[in-house]
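One structure is given below, encoded as structure tokens.
Readers should treat all values here as calculations from the given coordinates under stated rules, not as data from a laboratory. Not measured: the values here are computed from a predicted model. All Cβ positions, glycine included, derive from the backbone under ideal geometry; neighbour counts span all protein chains shown.
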Amino acid sequence: MTVRPTMRDIARVAGVPVSAVPLVLGNRPGVSPERRARIQNAARALGYEYQRPVEPPRPMRRHRLGLVIEARGIPIFTDFYYGEILVGIQAEAKRLGLSVWLHTFDPDVERIEDVAASARDEVDGFIIVSGGDMTDERIAHLQATGLPTVLVDNVLLGHNIHAVTADNFGAGYQATEHLLALGHRRIGMIVGPRTYRKFVHRHAGYVDALAAAGIAYDATLTPPFLPCDGPLGEVQLTQLLALPPDQQPTAIVAVNDRHAARALLTLHRLGIRVPDDLSVVGIGDVDEATATIPPLTTVAIPRRQMGELGVRRLVELLAGTAPPPCRTVLYATLVPRESAGPPPER
């Protein structure tokens, strides 16, 4: 029996991400001409036959935006970080007379194809927030519906898709630069999973700030994130504290405020004084950052504004007035508080 080639086979032969294949086969935008030609040639060579679904004429739309985000272990609207993004989306949509169709995607109980199918009759376009379980391939599946799509707090590399993000590279850079200005030279980082591109960019900013100060990158100061890691990077913090005394960091940048808050709690339990013994800087400036002991020095991410601008860009796409696909980047801002100070004398 002949085995029908799959989109993954086409991606392998063409040397492209799997997420690009459904866009080309569905004759959707978002792929460069050169990559599009490679995919089309690979599909022909493999004898792949793409059956596009017959779409009935669409009725008048409901002035409703589709908001898709991964399902998380905590209620999304009570999450200090994402809750503010969603508030911005809801408020701006309401101001413009639009309603919001919210879907939290859980890959354990549903397929992204089913989400795409149900959304066709419900929404005018998608706002997809962050990464995680909303992988590049799943985002491409939603974009392949032909509905206008905007990413918020994420960017899809290699695809022409509108995105609204914070300057995450700059956030990592500013957090590290602040500690360097205080006199620190051994600065560690509690990193996050690479499925969130913002965490990758924050780490890159940390590395670049060290390089700008003439400090070589030391991988022992950035223990990798592992799926089995404890709550909010505790395993990484434990690894940093287990280094020989002359190799331990005098300061730590946490990839977000939740990790930083957990670090402060753990350090307090261990009797390590912040910032006298160890400085800690977070990224996000969530409400929780002012309630830690001591109050957390952090880099503010304009979360509500990202949500608002995401709605405006989607409305522009629906109206045909949007610019060519681009990434809108909002500046991050250092917020000094009490968790960072000069390094201890050793």
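Report, to the nearest 10°, how far helix 303-319 tilts away from the longest principal axis of the Cα atoms in the chain, using its own Cα long axis and a range of 0 to 90°. For 303-319 against the chain, the angle is about 20 degrees. In degrees from 0 to 90, rounded to the nearest 10, what is the angle of the helix 33-46 Cα long axis to the longest principal axis of the chain? Taking the Cα atoms of the chain, the angle to 33-46 is about 60 degrees.
Loop-located trypsin sites (Lys or Arg not before Pro) across segment 171-248 with a Cβ neighbour count of 12 or fewer within 10 Å are Arg194, with loop assigned by DSSP. Longest stretch of the chain clear of exposed loop sites (GluC sites (Glu not before Pro), DSSP loop, at most 10 other Cβ atoms within 10 Å, sites excluded): 50-344. Every helix of 4 or more DSSP H residues in the chain counts as -39500 (n - 2.57), and over all residues that averages to -11000 deg cm²/dmol at 222 nm. On the basis of the beta-carbon distance and an R0 of 41 Å, Asp114 and Asp246 show a calculated FRET efficiency of 0.15. The charge dipole of segment 168-301, taken about its Cα centre with unit charges on the Cβ atoms of Lys, Arg (+1), Asp and Glu (-1) only, comes to about 220 debye. Once the chain from Asp277 to Glu234 is taken as fully extended at 0.36 nm per residue, the excess over their C-alpha distance is 13.7 nm. Fewest-first ordering of Thr6, Thr195, Thr292 by other beta carbons within 10 Å of each residue's beta carbon gives Thr6, Thr195, Thr292. Sparsely packed loop sites in segment 69-176 (the trypsin sites (Lys or Arg not before Pro) outside DSSP H, G, I, E and B with at most 16 other Cβ atoms within 10 Å) comprise Arg72, Arg111. Charging the Cβ of each Asp and Glu at -1 and of each Lys and Arg at +1, and nothing else, the dipole of the chain about its Cα centre rounds to 980 debye.
On full extension, the segment bounded by Ala71 and Leu157 gains 28.7 nm, given 0.36 nm per residue less the C-alpha separation.
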